[in-house]
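Here's the structure, in structure tokens; my notes come after.
The values are calculated or read from the model by the stated rules, or taken from the named source; none is laboratory data. Only a predicted model underlies this, so the values are computations on that prediction, with no experimental measurement involved. Note that we place each Cβ from the backbone using ideal geometry, even for glycine, and neighbour counts take in every protein chain shown. Surface areas here come from the heavy atoms of the whole protein model, side chains and all, with no ligands, DNA or RNA. Shrake-Rupley method; radii C 1.70, N 1.55, O 1.52, S 1.80 Å.
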Amino acid sequence: MKLNENYLNLQQNYLFAETAHRTSDYIAAHPEQKVIRLGIGDVTLPLAQTVVAAMEKAAAEMGEAATFRGYGPEQGYDFLRNAIADYYAKRGVAIDPSEVFITDGAKSDTGNITDLFAQDNVVMVPDPVYPVYVDTNIMNGRKILYADADKENGFLPLPDENVHADIVYICSPNNPTGAVYNKEQLAAWVVYAKKEKALLLFDAAYEAFVGDTELPRSIFEIPGARECAIEFCSLSKTAGFTGTRCGYTIVPKELAFPDACGNPLSVRQMWLRRQTTKFNGVSYVIQRGAEAAFSEEGMAECRGNIAFYKENAKIIAETLTELGIPFFGGIHSPYIWFECPFGMESWEFFDYMLDTIQVVGTPGAGFGKNGTHYFRLTAFGSRENTTEAMERFRDMIAGGKKE
Ligand code: PLP
């Protein structure tokens, strides 16, 4: 028996473990201090009442012989696939419900989709990056190229026609930078994918934070994307489902790549086969909750929660603007990505901020080399903590660097 030694090529996943460790050490040494955490990418507001009521009703159905359900369709119940297709239709994007696959979240899907790809494909990810794209491909032994995202390109790398990739990951609005591609920029990626006969994997986990109707929330708003892209999305940030677990992947019927004999293989058919073989579906109760999130009433409640987080983001962004600190994101995203003050590197700034004002964020270096001088704060905290953290931040900058 031989183990998959590609796992040995993974870097230690120490980012959040290390920030938690440094924070708990600090708290143990300074128990009198109030530490404010703005590092986590997890929601804090409770589920919408419409969602909870739908899940309670569904749970009650499961307790009655007449309405009990066992295994459901692996790819999701029609009621939810239809609700998601309607959610896209309202934005003018035509998706057939049979192209929607319900799952337990975008993290699983962005990882599981790699089952469909040959090992010798070249993968391109942005740097900085959501680490799941990198690690799941390292586990499969694929070569990874990095597209530099930096201050010069607004953390939105565009295709380089001199570089070939077979699979390109795009995350917009981006984690960790909060940057959002416009339609022209995404169209450039679609053109690139067609020319290179490549596949775009578009992660739309934060689409619900986009407030400008001119900005794309789906890759399928771009003409031609149905022939070259898969979209991943999730109710985690849209409807506060991080603990409840429900996501979906859209694989268009047109998406096909030639086999060794040149015959087209349907990606949707392959994903269906993969899911029906390795996955037994999301719980009925959760799918009913998700369906309720897409109802008019549910969406209104979810939008209220997102507006609350976006107000926190605005408070952080306004503070940085006032202090003249360059930043990205914070408008159509719960993430604010700023240049570390005092010319510090991100881990140094993590320690400095914790020590000086007792505020915790996430060092940019944890997302890639281009994050070395950047820092991520999130808008998922309480209003009180966000406001207090920014008051402390102002004082820290006004006081100048302490040696
Ligand atoms: N994609 C991105 C870019 C994320 O930031 C996250 C979570 O933080 C996910 C996917 C995971 O989403 P889910 O909770 O649906 O697994």
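Under the condition of being in contact with a Ser or Thr (Cβ under 9 Å, 6 or more places away or on another chain) and under 17 Å from residue 122 (Cα atoms), which residue from the range 189-203 is surrounded by the most Cβ atoms within 10 Å (Cβ to Cβ)?
Result: 202.
Which pairs have Cβ atoms under 8 Å, sit 6 or more apart or on different chains, and link a residue in the range 242-255 that is hydrophobic (A, V, I, L, M, F, W, C) to one that is within 16 Å of the ligand (Cβ to nearest atom) and assigned to a loop (DSSP other than H, G, I, E, B)?
Pairs that qualify, where the first residue is hydrophobic (A, V, I, L, M, F, W, C) and the partner is within 16 Å of the ligand (Cβ to nearest atom) and assigned to a loop (DSSP other than H, G, I, E, B), are 246/104; 246/105; 246/282.
Being modelled with pLDDT of 95 or more, surrounded by 16 or more Cβ atoms within 10 Å (Cβ to Cβ) and more than 29 Å from residue 259 (Cα to Cα): is that true of residue 77 here?
Yes; evaluated as a whole, the condition is true for this residue.
Residue by residue through the range 244-272, note down the ones that are on the phi < 0 side of the Ramachandran plot and among the small types (Gly, Ala, Ser).
247, 256, 260, 266
For every residue, the table says whether it meets (1) of a type outside the set (A, V, I, L, M); (2) within 22 Å of the chain's Cα centre (by Cα).
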position: 242; (1), (2): yes, yes
position: 256; (1), (2): no, no
position: 263; (1), (2): yes, no
position: 276; (1), (2): yes, no
position: 282; (1), (2): no, yes
position: 293; (1), (2): no, yes
position: 301; (1), (2): yes, yes
position: 316; (1), (2): no, yes
position: 325; (1), (2): no, no
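Of the numbered conditions (1) open to solvent by 50 Å² or more (accessible area, probe 1.4 Å); (2) modelled with pLDDT under 95; (3) of a type in the set (D, E, K, R), residue 57 satisfies every one except a single condition; which is it?
(2)
Could you say which residue among 225, 188, 205 is of a type in the set (Gly, Ala, Ser), touching a residue at least 60 places away in the same chain (Cβ under 8 Å) and out of contact with any His (no Cβ under 6 Å at 6 or more places or on another chain)?
None of the others qualify; the one that does is 205.
Condition check ((1) under 19 Å from residue 176 (Cα atoms); (2) open to solvent by 30 Å² or more (accessible area, probe 1.4 Å); (3) in contact with a helix residue (DSSP H, G or I) (Cβ under 8 Å, 6 or more places away or on another chain)) across all residues:
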position: 100; (1), (2), (3): no, no, yes
position: 114; (1), (2), (3): no, no, yes
position: 138; (1), (2), (3): no, yes, yes
position: 150; (1), (2), (3): yes, yes, yes
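Identify the residue in the range 202-233 that is closer than 11 Å to residue 182 by Cα and in contact with a helix residue (DSSP H, G or I) (Cβ under 6 Å, 6 or more places away or on another chain) and, among all such residues, is farthest from the ligand (Cβ to nearest atom).
Restricting to residues being closer than 11 Å to residue 182 by Cα and in contact with a helix residue (DSSP H, G or I) (Cβ under 6 Å, 6 or more places away or on another chain), the top hit is 222.
From the list 210, 267, 282, exactly one residue is touching a Pro at 6+ places or on another chain (Cβ under 7 Å) and β-branched (Val, Ile, Thr). Which is it?
210
Please verify whether residue 132 is within 16 Å of the ligand (Cβ to nearest atom), open to solvent by less than 20 Å² (accessible area, probe 1.4 Å) and without any contact (Cβ under 8 Å) to a residue 60 or more places away in the chain, treating the condition exactly as stated.
no
Here's a check for you: in the range 163-176, which residue that is more than 11 Å from the ligand (Cβ to nearest atom) and in contact with a Lys or Arg (Cβ under 9 Å, 6 or more places away or on another chain) is least open to solvent (accessible area, probe 1.4 Å)?
So the residue we want is 167.
Which of the residues spanning the range 204-233 are open to solvent by 10 Å² or more (accessible area, probe 1.4 Å) and touching a strand residue (DSSP E or B) at 6+ places or on another chain (Cβ under 7 Å)?
Of everything in the range 204-233, those that are open to solvent by 10 Å² or more (accessible area, probe 1.4 Å) and touching a strand residue (DSSP E or B) at 6+ places or on another chain (Cβ under 7 Å) turn out to be 205, 220.
Quick one: count up the residues across the range 210-233 that are part of a helix (DSSP H, G or I) and β-branched (Val, Ile, Thr).
Number satisfying all stated conditions: 1.
If you go through the range 3-25 one residue at a time, do you hit one that is under 19 Å from residue 244 (Cα atoms), open to solvent by 30 Å² or more (accessible area, probe 1.4 Å) and either more than 16 Å from the ligand (Cβ to nearest atom) or of a type in the set (Phe, Trp, Tyr) (or both)?
No: zero hits.
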